[in-house]
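The values are calculated or read from the model by the stated rules, or taken from the named source; none is laboratory data. This one's a predicted model, so the numbers in the text were calculated from it and none came from an experiment. A quick note on method: Cβ atoms are made from the backbone with ideal geometry, for glycine too, and the neighbour counts reach across all protein chains shown.
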Amino acid sequence: MQVLAVMAQQQPAQPDGETSGGVLGVFEWLGTHFIGLFEESGSQFVDLVTGILPTLVVLLTFMYALTTFIGEERVTRAVQWSGRWWITRYTIMPILALLMLTNPMAFSFGRFLPERHKPAFYDSTVSFVHPVTTFFPYANAGELFVWFGIANGVTQLGESTVPLALRYFLVGILVIFIRGIVTEKLTAFMIKRTGRTEVFADFDREFEQAKAGAKA
């Protein structure tokens, strides 16, 4: 017994924070990191509540108030006007769609376009869901991590992210314009190649009739 007591006294003490060995150590590690996961999640939630969430709520409320002030009919006419020409159809129209309806409801603005233009409009709009978050984060709040990841390096250097955000936004407009034009040309090519010219001509006539009926 005296020998065991001496061996226990000579055994080095376990450092603080170090888990036991064997199976018990595995369970201690799992328990520590399991609760640590939720503690870190709670910390991130607090950061969001005191950081970006108030900005999102205020921006979204402002845009809804602006839409109400302008009037839904005027907004609808502005969207329809922007869909008439290719230069505005793949620049102004996707921006208005995302600002007014946010992602993913923004794609429903395609109902103001003929069937042959809908694929290109979708391509333009879906390509702008990340650049739009630079100044209008509410438009695609679920994917803010993309912009945060891009701007993280600039933030760590202590520099303003506004110049980067402006360039990202403008390049995004250029990209959606190019993608819209290319997709429209590809759609026209595929319509002709697959022999569906008459089908889409019927779609165009139905679209014009529906538009004339709405005006009446």
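Scan segment 114-172 for residues that are acidic (Asp, Glu) and modelled with pLDDT of 90 or more and jot them down.
Correct list: Glu115, Asp123.
Helices (runs of 4 or more DSSP H) wholly in segment 30-102 with at least 1 residues that are among the basic types (Lys, Arg) and at pLDDT 75 or above - which ones?
Because the criterion is at least 1 residues that are among the basic types (Lys, Arg) and at pLDDT 75 or above, the helices (runs of 4 or more DSSP H) in segment 30-102 that meet it are 72-82, 86-89.
Looking at segment 71-95, which of its residues are among the hydroxyl-bearing types (Ser, Thr, Tyr) and in contact with a Leu (Cβ under 8 Å, 6 or more places away or on another chain)?
Applying the first criterion (among the hydroxyl-bearing types (Ser, Thr, Tyr)) to segment 71-95 yields 76, 82, 88, 90-91.
Scanning segment 71-95 gives a single hit, Ser82.
Please specify each residue of segment 83-98 satisfying the condition of being polar (S, T, N, Q) and either touching a residue at least 24 places away in the same chain (Cβ under 8 Å) or in contact with a Pro (Cβ under 9 Å, 6 or more places away or on another chain) (or both).
Thr91
Where the second residue is exposed (fewer than 14 other Cβ atoms within 10 Å of the Cβ) and the first is of a type in the set (Ser, Thr, Tyr) and lies in segment 135-162, which pairs have Cβ atoms under 7 Å and are six or more apart or on separate chains?
If the second residue must be exposed (fewer than 14 other Cβ atoms within 10 Å of the Cβ), the pairs left are Thr161/Thr155.
Yes or no, residue by residue, for (1) of a type in the set (Ser, Thr, Tyr); (2) surrounded by fewer than 17 Cβ atoms within 10 Å (Cβ to Cβ):
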residue	(1), (2)
Thr61	yes, yes
Thr67	yes, yes
Glu73	no, yes
Ala78	no, yes
Ile87	no, yes
Phe109	no, no
Thr125	yes, no
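Would you mind stating whether Arg167 is of a type in the set (Lys, Arg), farther than 30 Å from Ala212 by Cα, surrounded by fewer than 17 Cβ atoms within 10 Å (Cβ to Cβ) and free of Cβ contacts under 8 Å to residues at least 12 places away in the same chain?
Here the answer is yes, as Arg167 does meet what is asked.
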